[in-house]
Structures are given as C-alpha cells and as structure tokens.
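Asks: One structure is given below, represented as structure tokens, and several questions about it will come after.
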Amino acid sequence: MKLVEKFEIIELEEFTGNGAAIYSIALGDDEETLFDRFVKENENTYPDEINSIVERLKAIARLGARPGYFKDKEGRLGMGDGIEALYDEPNSNLRLYCIRYGTIAIILGGGGFKSKEIRAFQEDAKLTEENYLLRTISIRINKAIKEGVIQWDGNCLTGDLLIDDTDA
C-alpha cells in the first residue's frame, strides 16, 4: 500500500449539484485527481462504461448519494470508513471506489477492471491497491473532520482541504 503524506480534496464542480457534492483526491502536488486518472486509464478500453459512470454521477449530484447507487457492503471495514463501490451494470467490468458521506457527498477514488471471474477485490492487485489507498485517505479525512480542520456547510466540505503530513 502506498504511503500518502499529502493530498487535497478537490470539488468536481461539473458533477456537484443540489442533491450531493462530488469530490476527488489529488495526491501530493499532482493536479490530476484519482478520478481523472481512472477515466484516462479506462476511457479507450471501456468508453461506454465510463459514459455510464459519468451519467450516474450526474444523477447522484441531482438526487443525492442514495444507497441504490452503490454496491452493498463493498469494501466496508466496519469502522465507518465509508468506502463503497459505485454500482455497476450487470455487463460492466469497471469498479470505481468512493467514500460516501450519507446522501450528501461522495469522494471519488480510483478503481479499475474487475473480472466477473473474481468475487472479491482482494483477488486483483490493482483493485486492492486502489481500495486500500482510499481507506487510508478516508481515515485521515475522518480525523480532520473530528478535529474541526474540515467542516460541513450543507453538503459541501469547507476548511483546510489540503492534508499534509510531510512536516509531521
């Protein structure tokens, strides 16, 4: 699993709506978010699935991050990490991980191809890496919220959205 000392929570304004705010993560000093990277990695091989994901994100922004948009109990540690996978269509092969905060906000991570032959993400190195990276990030975001560094204003995150432990 990658050590993540610094990351920023970036609002994806093209998706944020009255129903839910949608964010992603930029690692280190990168301007590219985990969601941007996910799209780039998969848009040529799975263009229809990427389009479907984008349409679902637009619906979530309008209607809220309702449970029906996410896989049941996908990736949950049982410790409030909030990691879930965006629900995929029956013939879909892409898995996109996110951190869900009730119905008001989601933070998109990465993901990748998930063969229908495997049952759990732990059977695939790429999916395991993406899921565990987001777990690490989720723990640090939750800590920042508890400490008051990050706050909620309606369905939007405010405060210091740059988490930097490089000087710690």
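Asks: Please list, in chain and number order, the residues 5+ apart from GLY64 or on another chain whose amide H is under 5 Å from its amide H, with Hs placed from the backbone.
Replies: Hits under the 5 Å cutoff: GLY19, ALA20.
Asks: Right, another one. So, in Å, what gap is there between the alpha-carbon centers of segment 27-44 and segment 152-167?
Replies: One Cα centre to the other: 20 Å.
Asks: Check which residues have an amide H placed less than 5 Å from GLY110's amide H, if you skip close sequence neighbours.
Replies: Here the answer is TYR97, since their amide H atoms fall under 5 Å of that of GLY110.
Asks: Using the Karplus curve 6.51 cos²θ - 1.76 cosθ + 1.60 with θ = phi - 60°, work out ³J(HN,Hα) for each residue of segment 12-22 in order, rounded to whole Hz, and write x for Gly and Pro.
Replies: 9, 4, 5, 10, 5, x, 5, x, 7, 8, 10
Asks: When only C-alpha pairs under 8 Å and at least 6 residues apart count, what is the relative contact order of the chain, in percent? Don't skip to the end; give the middle numbers.
Replies: Values: 290 pairs, mean separation 40.9, N = 168.
It rounds to 24 percent for the chain.
Asks: Per residue of segment 149-155, what does 6.51 cos²θ - 1.76 cosθ + 1.60 with θ = phi - 60° give for ³J(HN,Hα)? Whole Hz please, x for Gly and Pro, Karplus curve as stated.
Replies: Result, rounded to whole Hz: 5, 10, 10, 9, 10, x, 9.
Asks: Of the lysine pairs in the chain, how many meet both conditions: Cα atoms under 21 Å apart, and a spacing of 8 or more in sequence or different chains?
Replies: Within the chain, the lysine pair count is 18.
Asks: Still on this model: Just checking my list (1) 17.1; (2) 16.0; (3) 15.5 against Kirkwood radius over Cα pairs in Å computed from this structure; which label fits?
Replies: (2)
Asks: Using only Cα atoms, find the angle between the long axis of helix 47-63 and the longest principal axis of the chain, and express it within 0 to 90 degrees, rounded to the nearest 10.
Replies: Tilt relative to the chain: about 50 degrees.
Asks: Shifting gears a bit: With θ taken as phi - 60° and the coefficients 6.51, -1.76 and 1.60, list the Karplus ³J(HN,Hα) couplings across segment 26-34 in order, rounded to whole Hz; mark glycine and proline as x.
Replies: Whole-Hz 3J(HN,Hα) from phi for segment 26-34: 10, 7, x, 9, 5, 8, 6, 8, 4.
Asks: Pick out which of ILE150, ILE118, ILE83 has the largest mean-square fluctuation in a Gaussian network model of the chain, springs linking Cα atoms closer than 10 Å.
Replies: Maximum fluctuation in the GNM of the chain, among the listed residues, is at ILE118.
Asks: On a 0 to 90 degree scale, rounded to 10, what angle separates helix 125-146 from the longest Cα axis of the chain?
Replies: 30 degrees
Asks: Given H placed 1.01 Å from N in the peptide plane, which residues other than close sequence neighbours of PHE70 have an amide H under 5 Å from its amide H?
Replies: TYR87
Asks: With charges only on Cβ, +1 for K and R and -1 for D and E, what is the dipole size of segment 6-162 about its Cα centre, in debye, rounded to 20?
Replies: Numbers: 20 positive and 28 negative charges, 145 e Å.
Value, rounded to 20: 700 debye.
Every number in this text was worked out from the coordinates using simple rules, so none of it is lab data. Every value quoted in this text rests on a predicted model; they were computed, and no experiment measured them. Counting neighbours? That spans all protein chains shown, and the Cβs are built from the backbone with ideal geometry, glycine included.
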